[in-house]
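Undergrad: Below are the structure tokens for one structure; questions will follow.
Please treat every number below as a calculation from the coordinates, not as lab data. All values reported here derive from a predicted model rather than from experimental measurement. Positions of Cβ are backbone-derived with ideal geometry, glycine not excepted, and every protein chain shown enters the neighbour counts.
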Amino acid sequence: MSVPHTSAVGMPSGDPQAQRTARGFVVALHGAVRAVRLYPVENSAVQKAIAELGHAVERVELADGQCRLRRVGDYVFVNETRLRLTLDNYAAVAYVLGLLREAGLGGFAVIAPTSPRVWVVLLAFLQAPPMEYPEDERLDQLSARVRQSGVVCFEFYPPVDESDQHETVLDAKERARQTYVRSLDVTREVMSSARLGRSAGLKRVKRAVQGIVDAILTDAASLIGLTTLREFDEYTFVHSVNVSILSVALGRRLGLTKPQLLDLGLAALLHDIGKSRVPLDLLNKRGSLDDRERAILQTHPWQGVLSMFAMPTGSARPWRAMTTAYEHHMRIDLTGYPKPLRPRRLTLYSKIIAVADGFDAATTTRVYQDAPWTPADVLRGMRDNARLGLDPVVVKAFINLTGIYPVGTLVVLDSFALAMVVAANPDPGALSRPLVRMITDAQGNRLSDLQVYDLTSCHVSGQFEHTIIRTEDPQRYGINIGEYFA
């Protein structure tokens, strides 16, 4: 078995066409894997996805003379092109990274003509890797199983040691995306391991949290902007990463030290790990839950504590993460769940994570929530509705962090132009005047030059140039929030 040349690691291709071709292949692979997972082979959705994957391979081979997919650390390569992360491929990249890692693969190459059947065989085996074997033995087992199925058109590669990577110089936005995808990949690995009864260690989780904390301390706006991404099929993983980002940003606003932020970020990333012990059909059920189903779902806080007890830690157990997993739905008046056996006071970490958790959950489309609240409405409810059981001081700090109009809020200006909030105003006295990206002009025409405006800007007369008059639902205007954070 040959090992691919890796000297180009860390040297992303600047060729836009190479990027488009590589992206098309990875996105098509992601779509085909999901189709095979969800539908029988005869389903038209599977046939269409497999056909598109075949076309994507042909385009790669036409451009480069070969088609080879590799993972090197947290990067995905198609031949010698390192795929740049964008907001329309981050989910595909994170999923493919996780798929290859669980299978013990460093990648694969297409070495002979393919057919729909051979792709179905490969994708089926990738989704059911030989987990009964140690990670360093899975590659040989997977290769043998594929060959036994009569499929000989793929060559498999072993993983490349992450320590062999060369660091790259990335711009702030790509660094933020890389941090986000790494965190999403790690969260999926931990949750999937817990669901399968395996123990995932904390080493990679802590490294992911270190990346989140570093990004918040150096360029919080880029990372917070990514929390507006809502990958419906990946809700549990995306939600955990978003809560970790928002919690760390809020902890920083409250004056926590860097070691405390690392603890907080770890606790937030693992706060819902107990859901790995809840049946998937219950987590994905459409419509309301009955009393029995709700009782099962409400076991996830203490199930999370048990999951973390099962983790090999190498040193001290993550006690703070265990506490917050147990407490994050209790509410400050202890009217939530689980019901405490004796009086207790929630920790600051639990109060912070409860706010971040509630905000992200309420602003996200889910199987039982087709129409999420606007971020501004959620903040208003968190501030004014005491029955939510959130700490008012922490909520106030969160509003100071996000502004009255959080990132991702669609607003109507006094000119009747539409704009998207992209960052809170750096002036703490301008909570109602965020930085916005103009989407339409006053007549409702979409703009091609998406400039960012500071709503504290004034005319010569001293009057504000623009003022927000109301918020709107992006879906009403067919606006995809994520497109405006590229």
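Undergrad: About the Cα centre, and with charges only on the beta carbon of Lys, Arg (+1) and Asp, Glu (-1), how big is the dipole of the range 410-485? Nearest 20 debye, please. Write down the numbers at each step before the final one.
TA: On the way: 5 positive and 9 negative charges, 25 e Å.
My answer is approximately 120 debye.
Undergrad: Give me the compactness ratio for the range 410-485, meaning the Cα radius of gyration over 2.2 N^0.38 Å.
TA: Values: Rg = 12.1 Å, N = 76, 2.2 N^0.38 = 11.4 Å.
Taking the Cα Rg and dividing by 2.2 N^0.38 Å, one obtains 1.06.
Undergrad: Can you list the lysines whose alpha carbon sits under 29 Å from that of Lys285, skipping same-chain ones fewer than 8 residues off?
TA: Lys48, Lys275, Lys339, Lys351
Undergrad: Nearest 5 is fine: what % of DSSP beta bridges in the range 16-169 come out antiparallel, could you say?
TA: The antiparallel fraction comes to roughly 95 percent.
Undergrad: Quick one: putting +1 on the C-beta of Lys and Arg, -1 on the C-beta of Asp and Glu, what dipole do you get for the range 356-486 around its Cα centre, in Debye to the nearest 20?
TA: Working: 10 positive and 15 negative charges, 46 e Å.
My answer is approximately 220 debye.
Undergrad: Of all the C-alpha pairs in the range 16-169, what % are more than 28 Å from each other? Present the calculation step by step, with values, prior to reporting the outcome.
TA: On the way: 1603 of 11781 pairs.
In whole percent, the long-distance tail amounts to 14.
Undergrad: Let me ask something else. Using a 7 Å offset from the Cα along the Cα-to-Cβ direction at both Lys396 and Glu174, what is the distance between the two label points in nm, to one decimal?
TA: 4.3
Undergrad: Along each principal axis of its Cα atoms, how long is the range 378-431 end to end? Whole angstroms, biggest number first, please.
TA: The Cα atoms of the range 378-431 stretch 37, 22, 16 Å along their principal axes.
Undergrad: Once you list every other residue whose beta carbon is under 13 Å from the beta carbon of Gln141, what net charge do they have if Lys and Arg are +1 and Asp and Glu are -1? It would help to have the intermediate numbers written out before the result.
TA: Numbers: positive: Arg138, Arg145, Arg147; negative: Glu102, Glu132, Glu135, Asp136, Glu137, Asp140.
Here the charged neighbours net out to -3.
Undergrad: Oh, and also: Dipole of the chain, Cα-centred, from +1 at each Lys and Arg C-beta and -1 at each Asp and Glu C-beta, to the nearest 20 debye?
TA: Working: 55 positive and 52 negative charges, 290 e Å.
Charge dipole, the chain, about its Cα centre: 1400 debye, nearest 20.
Undergrad: Looking at Ala215, Leu450, Gly65, which one has the Cα that reaches farthest to the positive end of the dipole of the chain (charges on Cβ: Lys, Arg +1; Asp, Glu -1)?
TA: Ala215
Undergrad: Find the relative contact order for the chain and round it to a whole percent, using C-alpha pairs within less than 8 Å whose residues are 6+ positions apart.
TA: On the way: 777 pairs, mean separation 49.9, N = 486.
Once normalised by length, the contact order is 10 percent.
Undergrad: Compare the peptides 217-226, 442-451, 111-120 by average per-residue count of other Cβ atoms within 10 angstrom and give them in order, highest first. Present the calculation step by step, with values, prior to reporting the outcome.
TA: Values: 217-226: 20.3, 442-451: 9.9, 111-120: 15.8.
Per-residue mean Cβ counts within 10 Å order the peptides as 217-226, 111-120, 442-451.
Undergrad: Show me, for the range 55-66, the HN-Hα J-couplings you get by feeding each phi into the Karplus relation (A = 6.51, B = -1.76, C = 1.60, θ = phi - 60°), rounded to Hz, glycine and proline as x.
TA: Using θ = phi - 60°, the values come out as 5, 5, 4, 4, 5, 5, 5, 5, 7, 10, x, 7 Hz.
Undergrad: For Val460 and Leu289, FRET efficiency with R0 = 45 Å and r from the beta-carbon atoms, rounded to 0.05? Show your work: numbers first, answer last.
TA: Values: r = 58 Å, r/R0 = 1.30.
Plugging the Cβ-Cβ distance into 1/(1 + (r/R0)^6) gives 0.15.
Undergrad: Averaged over all directions, how much area does the convex hull of the C-alpha atoms of the range 183-399 cover when projected, in nm²? Please report the intermediate quantities before stating the final value.
TA: Numbers: hull surface 45.8 nm².
The directionally averaged projection comes out at 11.5 nm².
Undergrad: Turning to a different aspect of this structure: How large is the Rg to Rh ratio of the range 355-481 when both quantities use alpha carbon positions and Rh follows Kirkwood?
TA: A ratio of 0.99.
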